[in-house]
Structure formats: structure tokens, C-alpha cells
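The values are calculated or read from the model by the stated rules, or taken from the named source; none is laboratory data. Note that this is a predicted model, so its numbers are computed, not measured. Using ideal geometry, Cβ is built from the backbone for each residue, glycine included, and neighbour counts are taken over all protein chains shown.
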């Protein structure tokens, strides 16, 4: 931990980094709120809580929390199933309590047991859903504009806004080119985050069209609509409160469990990624982070915010901006709070197509083709759970997708375990049967097949020198084989199969077959 003098000395760098993260987080908070179908204020509120509440309680030096694109699918589906945003907030509050409980139980380490293929499948599915759901918004469909009016084109899917399409296409081009080596040579690219550049372009084009050709400008319903807050007292009118009467609703608890699991996984994955890119390689305490995230989500659910996680996009921007401590995350939260009061007029000029383009680009990075190619190259044991997770998430929901992906991975692990602990090599009538590592009861089927394949009058070596554990059921099968071997004329030699440790099956003449121990 940094002492007070070190924190004071590094505060200017944290102030700069916090400002950069604020410029990245502002459009993301708005875009995630819009994609979730809730008021923009809910997204900003989660960003504020992530900076001020989680930032103060977290043990991570560089992680930044806020609303995450990975939870958009859960939010949309949850609000639809429960019927209202206040009911959904009850689930967020309960999810926060569950996360806090997981932190107290020191459950952070269990995330390491989730297969990588399942996690990648979950992220890829989220990316695909973001692309699918945000493409109509980027095209200006469903914005309430009538077909045939100025600036729209009638399509089989509805009236499409030409301005929204142009903004989305140029925004995607900006986002794609901003990260190239050629673009990094320009000072503007180095100091202006790509999401901010997209938002500034959208605002500039909106103002230009409003002045030159109002009929072609994005309509008001296709822009951010943040309520004006002239004072702290006005905040009470924009807060949403959880519906406590739904506390006993099983659907609320199921949704809360989904949010808690997915948000915890995303947080712990983000912590691991931040630790890798931290120049000082400072580790974070996962259980403390879960407790901090739990408190943050309880606050978000209590006053009307979206679910919160540690977000790698903001965290990496924080690291790249030279942050030294968690004060940068707190600064970014303070600036988001100030923007709610001071920048409402500017924020309301942002076209929703700009925010949709940011989320589509995020989806493309989550579901990039190279991820599918890498999974395919790693073999069926990785590729099948990856594909099963994606398909289950797209067809059902995130929690069911994760569960089915884990079940598929476990099934492959059991299959491999059943095949590999026992190997048989044969040369003419000489057979070597080797037991390796842990030979559990799951290997009984494989062992039975091998023993059945041994012909009469063969010479067999049973080698247990590489076995750390042999299940009693497996020993029973070996003992039974040894008992029947003389009648079949089979000569057996056992290596490091201790007769004292074998099962209660007794047979005459066993010791005469144990020539070498």
C-alpha cells in the first residue's frame, strides 16, 4: 500500500488519469443505459457509484468499476421478465448482498475453476448479442420517425435515418482506425480516447445538421435525453427505488443469482487482466474486491443504478493514462457526478447512433473471429464447450449458458479421465497394463475392456508404479482377474501393487504371481 506522502506525490498523475477515464466512461455509461432500455441517468449513476463507493472500498490500485456491457443482456431480459425497472432494482440489491457474502466466504478463488473455454464463450455470446441488438439503433430504425420524411429511407424493417447510418458508419471507422499504428503517430489520437472522439463527431454533425438541414438531423427521440438537474434537490425526482414487495418473488432471486455470478466472474477476470498490465504487478485481493462490488451493487439497487462490475476497458485506459493508485477511479467518479449537473445540455446532443457504434465495436472485440479460430485449434475439448456456451446463451440466458458450458467441460474431463488412467501395450502374447495418476471408479469401464481383451495363456505385467491412487473398486476388478488367471493359463506379474492395500477378495496362489515389487 502507498503511504500518504506517496499518494500526495502521485495525485497529479492520478488526476490526469481519472480525467481520461471519465472521458472514456461517460459515453460508455450512456450507451449501456440506452442499450439496457433505461434512462441515461441510471448509467451515469452506476458510474458514479463505481468511482466513489467501489473506488474507496476496493483494494485494487488501478481497477475502475461501473456499468458493464457484458450485463446489458441480463438487464434487458431481467426487466422484461419482471415487468418493471423497480422490480429489477430489487434483484440488483440482492445480487450485491450475495456478492458481499461471497467475499466474506472467501469465494474469490473459485472463479479459477471455471473453464477458460466457458468464459470465452460467455464473452463471445455477449459480443454477438450486443451487435445484434445495437445494429437497428445504429441504422436509425425504430426511432419514431415516419417513413418518407426528410432524412429517412423506407425499408422492410421500418424508417431508416440517413444521418444515424452515416454517424454509425463513420464512428465505427474512427474506432477501428484509432488503434492502428499509423493513427498513433498523431498527438490527437494519443491524448483523446476513441469513444470521446466518436461522441464529439456525433455532436458536431448533429449541430451542423440542426443549423444547415434540420430535416436531416437526428430527431430528439434519437438523442440522449438526460433530465436537467439544477440542484441536489432535483436528484430525488430522477432516483428509482427498488420494489420491496417483490422480495419473495422467485424470479427476482433467480435473476439476482445470475447477476451476482456473472458480475463476480467479470470482476475477477478484470482484476487478473489489470494485474498483468500493471507496470508494478501489484496483486489485488479478490475477496475484498467482491465485498466492495457487493456494497456498490447494493447501493446501485437501492437508488436506481445499473449493475456494477470492474470493467477492463476503463481499467486499461486508467493504466495507459499513468494512474498510480485508486484515487484515479475516485476522480473519475467525481467528474461523472459533476457532469450530471454541468454538462446536461452537451450530453443531450449526443446521437444514440454514436453510442450504438461504440457498443457494436465493443461486441466485435468480444466476439472477434480470431477467438473462434483459436478455440477450434485447441481441439474438441475446448471448442465444444465454447460453442455450447455461446449457443445456450443466445437461446436461453447467461446463467444457463454458463451452467451448460461447465457441464459440457466436466463431461469432457470425465471422458478423458476414463480413457487415460489405464493404458495397454501389446507385443505378441506379452501385455503391459499400466495404471497412471489417479485411477478412480470412473476407470472401471476402461479397465474391464482391457482385461477382456487379454487372451488365454498370455504373459501380463500389471504396472502400478505411476499410480498415485487406485480406487478400491478398481482393485477388486484386478483381484478378480488375478484369481481367475491360473485357470486361463495367464502368467501375471504385478509391479508396485501392494497386496496389503488390496480389497477383501481372497484367492489362493496370489503371492506366487508377485515376483517383483
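Couple of notes before you dig in:
- Checking each residue in the range 285-325 for being under 28 Å from residue 258 (Cα atoms), in a loop (DSSP other than H, G, I, E, B) and either without any contact (Cβ under 8 Å) to a residue 60 or more places away in the chain or out of contact with any strand residue (DSSP E or B) (no Cβ under 9 Å at 6 or more places or on another chain) (or both) picks out 285, 304.
- Residues that are assigned to a helix (DSSP H, G or I), touching a helix residue (DSSP H, G or I) at 6+ places or on another chain (Cβ under 6 Å) and under 17 Å from residue 483 (Cα atoms) were ranked within the range 436-469; the one that is modelled with the highest pLDDT is 451.
- Residue in the range 7-15 that is assigned to a helix (DSSP H, G or I), in the same structural domain as residue 196 (by TED's automatic domain parsing), farther than 20 Å from residue 340 by Cβ and in contact (Cβ under 8 Å) with a residue 60 or more places away in the chain present: no
- Taken together, 135, 80 contain a single residue that is without any contact (Cβ under 8 Å) to a residue 60 or more places away in the chain, in the same structural domain as residue 253 (by TED's automatic domain parsing) and at negative phi, which is 80.
- Cβ-Cβ distances below 6 Å connect no pair with a first residue in the range 103-121 that is assigned by TED's automatic domain parsing to the domain that holds residue 296, a second residue that is part of a loop (DSSP other than H, G, I, E, B), and a separation of six or more residues or different chains.
- Note on the range 324-341: among residues that are more than 24 Å from the chain's Cα centre (by Cα) and within 15 Å of residue 16 (Cβ to Cβ), the one that is surrounded by the fewest Cβ atoms within 10 Å (Cβ to Cβ) is 334.
- Look at (1) modelled with pLDDT of 90 or more; (2) more than 17 Å from the chain's Cα centre (by Cα); (3) surrounded by 18 or more Cβ atoms within 10 Å (Cβ to Cβ) and you find that residue 253 fails only one, number (3).
- Meets criteria (in contact (Cβ under 8 Å) with a residue 12 or more places away in the chain and under 30 Å from residue 74 (Cβ atoms)) for residue 441: no
- The listed residues are 25, 17, and the only one of them that is touching a strand residue (DSSP E or B) at 6+ places or on another chain (Cβ under 7 Å), crowded, with 24+ Cβ neighbours inside 10 Å and modelled with pLDDT under 95 turns out to be 25.
- Within the option set 37, 70, 66, being modelled with pLDDT of 90 or more and in the same structural domain as residue 298 (by TED's automatic domain parsing) holds for one residue only, 66.
The rows are residues; the columns are (1) assigned to a helix (DSSP H, G or I); (2) touching a residue at least 60 places away in the same chain (Cβ under 8 Å); (3) on the phi > 0 side of the Ramachandran plot; (4) not assigned by TED's automatic domain parsing to the domain that holds residue 44.
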{"site": "340", "(1), (2), (3), (4)": "yes, yes, no, yes"}
{"site": "358", "(1), (2), (3), (4)": "yes, yes, no, no"}
{"site": "383", "(1), (2), (3), (4)": "yes, yes, no, yes"}
{"site": "388", "(1), (2), (3), (4)": "yes, yes, no, yes"}
{"site": "411", "(1), (2), (3), (4)": "yes, no, no, yes"}
{"site": "414", "(1), (2), (3), (4)": "yes, no, no, yes"}
{"site": "434", "(1), (2), (3), (4)": "no, no, no, yes"}
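- Of residues in the range 215-249 being at pLDDT 85 or above and within 21 Å of residue 170 (Cβ to Cβ), the one surrounded by the most Cβ atoms within 10 Å (Cβ to Cβ): 224
- Any chance residue 398 is assigned by TED's automatic domain parsing to the domain that holds residue 203, modelled with pLDDT under 90 and crowded, with 21+ Cβ neighbours inside 10 Å: no
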